[in-house]
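Just below is one structure, and these are the notes that go with it.
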Amino acid sequence: MAELVLQTRKPCELLDITDLIQARIPNDLACGICHVFCPHTTAGVTINENADPDVRHDLLAKLEKLIPRSEPFYRHCEGNSDAHLKAVLTGFSVVLPVVNGSLRLGRWQGVYFCEYDGPRTRRLNLLFQRAEE
Amino acid sequence: MAELVLQTRKPCELLDITDLIQARIPNDLACGICHVFCPHTTAGVTINENADPDVRHDLLAKLEKLIPRSEPFYRHCEGNSDAHLKAVLTGFSVVLPVVNGSLRLGRWQGVYFCEYDGPRTRRLNLLFQRAEE
Amino acid sequence: MAELVLQTRKPCELLDITDLIQARIPNDLACGICHVFCPHTTAGVTINENADPDVRHDLLAKLEKLIPRSEPFYRHCEGNSDAHLKAVLTGFSVVLPVVNGSLRLGRWQGVYFCEYDGPRTRRLNLLFQRAEE
């Protein structure tokens, strides 16, 4: 199992990790799957547009409006219940197709680490599997 | 890797693709996984009720209320930031169990392509893997 | 394919199923994946904090505020459209890394069955796969 170590810089941030993942894919993986797994509870991993950075701004801005930092009914004493919920909604893993040792993403897709309670040092696990060709 | 090509007809739509996926599953896959991967950033794939079409209406109607097309703080010039966020929340892949060459879904489950910025021609990738029996 | 049978006790509930999953993992799975698949349409499965139960309270309370039980535009006659949408947003499967026969989760992670329309008897399917080491 491979591991990526990431340093986030802001409370909420979408970090493009596409190239970091690509660098770890075994060259001899002709057809398969890369599983990216996030072992945290206030961060996640997703896929989205790799071109206009305004998309990332808009995603985080709207999530913040839907799920603000504090609510009168929150009980969790650490004050980061919003980050837990954002992570649940984004998800903790992505499944990525691999062909001939390369990620086979869509033209506009990048893979993003979603920091919702940073800045922190974070880790991601990568697992590779062969598929039927 | 198999590919499905879909033509959506509306701006937002849930297309039942269960039978299209079933038709591509190798007959000799005794026990395994079908990965369905969406290579787009304003569309996704999910699972939900295959009986009453009102469920699909309600899902899209509520998503539209939560995440309307425009917000004063959106910056992305294409005007489809809502579609990007809906896709992030729905997810870009599903994992489906396969037994004896057939999808093993729950009784009320169907697989749906989620169009959030249509109508467009869309593609889905399918990957098959064996599992431990 | 292994199966877990669960009895939920409340309309909405997050049940910790980490130990139930661990008990089914083959001892000889040195490096692999456990797929947990939910065959229902008003329940899901996710990962989150395994320490403070207030996190679970806050997750369900905020979801309830975002997606209340009834909306004037809902058409589905069973009255549980909210449960369908919550399940779509949470997701119907999780992918869990396995090393030497044990789940390799993050320090604060547990796996949760998400009941959104209970109480009911529910089932979960588990599939195991080897990965490249």
For this session: For region C:102-114, enumerate the residues that are polar (S, T, N, Q) and open to solvent by 20 Å² or more (accessible area, probe 1.4 Å).
Result: C:Ser102
Exercise. Just wondering, is there one or more residues in region B:76-92 that are at positive phi and either touching a strand residue (DSSP E or B) at 6+ places or on another chain (Cβ under 6 Å) or not basic (Lys, Arg) (or both)?
Worked result: yes
For this session: Tell me which residues, restricted to region B:54-87, are within 13 Å of chain C (Cβ to nearest Cβ), closer than 14 Å to A:Leu66 by Cα and not aliphatic (A, V, I, L, M).
Result: B:Lys62, B:Glu64, B:Lys65, B:Lys86
Exercise. Which one of the conditions (1) open to solvent by 10 Å² or more (accessible area, probe 1.4 Å); (2) assigned to a strand (DSSP E or B); (3) aliphatic (A, V, I, L, M) does C:Val45 fail to meet, given that it meets all the rest?
Worked result: (1)
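A quick yes/no check of all residues on (1) in contact (Cβ under 8 Å) with a residue 24 or more places away in the chain; (2) over 25 Å from B:Val88 (Cα atoms); (3) open to solvent by less than 10 Å² (accessible area, probe 1.4 Å); (4) touching a helix residue (DSSP H, G or I) at 6+ places or on another chain (Cβ under 8 Å):
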residue: C:Asn80; (1), (2), (3), (4): yes, no, yes, no
residue: C:Ala87; (1), (2), (3), (4): yes, no, yes, no
residue: C:Tyr116; (1), (2), (3), (4): yes, no, yes, yes
residue: C:Phe128; (1), (2), (3), (4): yes, yes, no, no
residue: C:Ala131; (1), (2), (3), (4): yes, yes, no, no
Problem set entry | Search result, residues across region A:37-53 that are within 18 Å of B:Gly44 (Cα to Cα) and either out of contact with any helix residue (DSSP H, G or I) (no Cβ under 6 Å at 6 or more places or on another chain) or facing another protein chain (nearest Cβ under 7 Å) (or both) | A:Val45, A:Thr46, A:Ile47, A:Asn48, A:Glu49, A:Asn50
Exercise. Can you find a residue in region A:3-22 that is in contact (Cβ under 8 Å) with a residue 24 or more places away in the chain, open to solvent by less than 40 Å² (accessible area, probe 1.4 Å) and more than 13 Å from the chain's Cα centre (by Cα)?
Worked result: no
For this session: For region A:9-21, state whether one or more residues are at the interface with another protein chain (Cβ under 10 Å from one of its Cβ atoms), closer than 14 Å to A:Val95 by Cα and touching a strand residue (DSSP E or B) at 6+ places or on another chain (Cβ under 9 Å).
Result: no
Exercise. Before we move on, is A:Ala51 in a loop (DSSP other than H, G, I, E, B) and among the small types (Gly, Ala, Ser)?
Worked result: yes
For this session: Could you please let me know if C:Arg69 is farther than 18 Å from C:Phe113 by Cα, among the basic types (Lys, Arg) and touching a residue at least 12 places away in the same chain (Cβ under 8 Å)?
Result: yes
For this session: Could you check A:Val5 against (1) part of a loop (DSSP other than H, G, I, E, B); (2) more than 10 Å from chain C (Cβ to nearest Cβ); (3) closer than 30 Å to C:Arg56 by Cβ and say which number it fails?
Result: (1)
For this session: For C:Val99, work out the one condition from (1) closer than 25 Å to B:Ala51 by Cβ; (2) β-branched (Val, Ile, Thr); (3) open to solvent by 20 Å² or more (accessible area, probe 1.4 Å) it doesn't fulfil.
Result: (1)
For this session: Among the residues of region A:111-133, write down those that are within 16 Å of A:Ile33 (Cα to Cα) and within 13 Å of chain B (Cβ to nearest Cβ).
Result: A:Val111, A:Leu127, A:Phe128, A:Gln129, A:Arg130, A:Ala131, A:Glu132, A:Glu133
Seminar exercise, completed: Among the residues of region A:110-126, the number that are of a type outside the set (Asp, Glu) and part of a loop (DSSP other than H, G, I, E, B) is 4
Problem set entry | Restricting region A:88-109 to residues that are in a strand (DSSP E or B) and facing chain B (nearest Cβ under 9 Å), the residue that is farthest from A:Ala43 (Cα to Cα) | A:Val99
For this session: Report the residue count in region A:65-78 for those that are of a type in the set (Phe, Trp, Tyr) and either within 15 Å of A:Arg120 (Cβ to Cβ) or surrounded by fewer than 18 Cβ atoms within 10 Å (Cβ to Cβ) (or both).
Result: 1
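The values are calculated or read from the model by the stated rules, or taken from the named source; none is laboratory data. Nothing here was measured: the structure is a model prediction, and the numbers come from that model. Virtual Cβ from ideal backbone geometry, glycine too; neighbours counted across all protein chains shown. Surface areas here come from the heavy atoms of the whole protein model, side chains and all, with no ligands, DNA or RNA. Shrake-Rupley method; radii C 1.70, N 1.55, O 1.52, S 1.80 Å.
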